[in-house]
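This structure is in structure tokens; I'll ask about it shortly.
The values are calculated or read from the model by the stated rules, or taken from the named source; none is laboratory data. Just so we're clear, the structure is a prediction, and the values are computed from it rather than from any experiment. Reconstructed Cβ throughout: ideal geometry from the backbone, glycine too, with neighbour counts over all protein chains shown. Heavy atoms of the whole protein, side chains included, go into the accessibility calculation; ligands, DNA and RNA do not. Shrake-Rupley method; radii C 1.70, N 1.55, O 1.52, S 1.80 Å.
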Amino acid sequence: LLVPTARISGIESPIVRGPGALNYFDIAWESRILINQALHLALPRDDIGMAINSAVSRSQDQLHIHFSCIRADVFEALRKDEGRIGSNWAPLSVPLLGHHYIAMWVTGEHLSPNNPFSFLAERLSGAMPDMANRTLVVIGFTRAEGSKGFVILADRINEQSGDLANGEELLDHD
């Protein structure tokens, strides 16, 4: 987990987006070496994912980003759908664990110039006033043609279908 030392409620906090905001996903990404140290091996960047859950799916009222391995079935679904994942939010063609995520692509080896919280709030119509009901998942990804970057996934609570926007479910903690 990445947990800021400052008290921040979660994905809905305006502190995590906007000019001058710390890019907590970038900090978590650069801390992925801790996973390698714990496992005593170097995982490929494409095996790592990070997630923040919606307000109703989190266990504490404090911003925390989970980082772990990505589920193999999730990675394979993204690989099959990579042609549809561009620089704007668009729905994936298949559900992930029964939930309908939207996705976008950002190029680069690091997240420092790209704040996923800002991308969700500012680039998805209607997301800003509804941030507490959202989840974000960021996955290191190398496209088939070799360019490195990140797939950013987002989902929104849908109580009728039982979707509580728990992006952590896409990670494999084992």
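Can you name the condition, by its number, that ILE35 falls short on among (1) outside any loop (DSSP other than H, G, I, E, B); (2) touching a residue at least 40 places away in the same chain (Cβ under 8 Å)?
Unmet condition: (2).
So ILE11 fits all but one of (1) of a type in the set (A, V, I, L, M); (2) part of a helix (DSSP H, G or I); (3) surrounded by 15 or more Cβ atoms within 10 Å (Cβ to Cβ); what number is the exception?
(2)
Filter segment 44-63 for residues that are surrounded by 15 or more Cβ atoms within 10 Å (Cβ to Cβ) and of a type in the set (A, V, I, L, M, F, W, C); which is nearest to SER112 (Cα to Cα)? Steps first, answer last, please.
From segment 44-63, those surrounded by 15 or more Cβ atoms within 10 Å (Cβ to Cβ) are 45-55, 57-58, 63; that's our starting set.
So of that shortlist, the ones also of a type in the set (A, V, I, L, M, F, W, C) come out as 48, 50-52, 55, 63.
Working: ILE48: 17, MET50: 15, ALA51: 17, ILE52: 18, ALA55: 25, LEU63: 19 Å.
Among those residues, the one meeting the criterion is MET50.
Looking at segment 44-60, I want the residues that are in contact (Cβ under 8 Å) with a residue 40 or more places away in the chain and under 14 Å from ILE152 (Cβ atoms) and have a partner that is open to solvent by 60 Å² or more (accessible area, probe 1.4 Å) and part of a loop (DSSP other than H, G, I, E, B) with Cβ atoms under 9 Å, at least 6 apart or on another chain. Which pairs are those?
Listed pairs, sorted by first residue: GLY49/ARG71.
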